[in-house]
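Worksheet for the structure shown next.
Coordinate-derived values only; no laboratory data. A quick note: this is a predicted structure, and the numbers were derived from the prediction, not measured. A quick note on method: Cβ atoms are made from the backbone with ideal geometry, for glycine too, and the neighbour counts reach across all protein chains shown.
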Amino acid sequence: MSVHNARAAKRAVNLSLNEDLVLKVRDLTGNLSERVEALLSEYLEAEYAKRVEADRSLAVAVAAWNGFGERLGSFADEHSTL
């Protein structure tokens, strides 16, 4: 599943990159823009997956804590004046 539209229109952007790095990479790839786009896509997918996993992990922790509270009540219940 892609988290971005791979068929979206392309547009020019300004980036400041190390000149030596760009020259050396251009020797290795025929299309620098395509390679950078692929790397950005990989990064986006990985970061998105991390966030989805973090959200899932948090949901599990919240459910466990809520279950604990339902079974045993709150630690504050015995001290509440309400």
Can you find a residue that is in contact (Cβ under 8 Å) with a residue 40 or more places away in the chain and aromatic (F, W, Y) anywhere in the range 62-82?
no
Enumeration of residues in the range 63-81 that are in a helix (DSSP H, G or I) and either in contact with a Ser or Thr (Cβ under 9 Å, 6 or more places away or on another chain) or surrounded by 10 or more Cβ atoms within 10 Å (Cβ to Cβ) (or both):
A63, A64, W65, N66, G67, F68, G69, D77
Of everything in the range 35-50, what is surrounded by 11 or more Cβ atoms within 10 Å (Cβ to Cβ) and without any contact (Cβ under 8 Å) to a residue 40 or more places away in the chain? Give them in sequence order.
R35, V36, E37, A38, L40, S41, E47, A49
